[in-house]
Amino acid sequence: MVSEYKNIFLVDDDDLNNMLNRQFLTFCMPKSNISAYQDTSGLIEMLRHKKVAQPDLILLDINMPEMDGWEFLFHLERYQIACDVMILSSSIHWDDIERAQGHDRVKCYIEKPLTEDKISHFIKSQNFTQIELD
């Protein structure tokens, strides 16, 4: 377990969601490096070949056109890319929530939109002492 999240990746096919969440997280967690990605298969390849910094946390949408979040999780496991995952989705379907709970690396399932209360609750649930939310 990491003591704080230094590299955070936003993985969502919606550019506006990525922009808003990146701004929000940069404000709340100024010591973290926040990167946003829309191309899931491209990101998997960059992670596999170490062309980007290893993320500590990925905020992952599950409903994406090219490669959905479930397939993305499969590839993280397949290529042994170690990081925590927070599902950040507009889906409130019980099947999705239950499926997320079945993944060891999925630390929580949050319904969009991301808010300070939601991220603060998640950080506190991880028992991080070094992270400060401004």
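A few points about this structure:
- Test set (1) surrounded by fewer than 13 Cβ atoms within 10 Å (Cβ to Cβ); (2) at pLDDT below 95 - residue 21 fails condition number: (1)
- Once region 59-92 is narrowed to residues that are among the hydroxyl-bearing types (Ser, Thr, Tyr) and modelled with pLDDT under 95, the residue that is surrounded by the fewest Cβ atoms within 10 Å (Cβ to Cβ) is 90.
- Residue 34 in a strand (DSSP E or B), β-branched (Val, Ile, Thr) and crowded, with 17+ Cβ neighbours inside 10 Å: yes
- Subset of region 111-134 that is of a type in the set (S, T, N, Q) and at pLDDT 70 or above - its residue that is farthest from residue 61 (Cα to Cα): 125
The values are calculated or read from the model by the stated rules, or taken from the named source; none is laboratory data. All values reported here derive from a predicted model rather than from experimental measurement. Methodologically, a virtual Cβ is constructed for each residue, glycine included, from the backbone with ideal geometry; neighbour enumeration extends over all protein chains shown.
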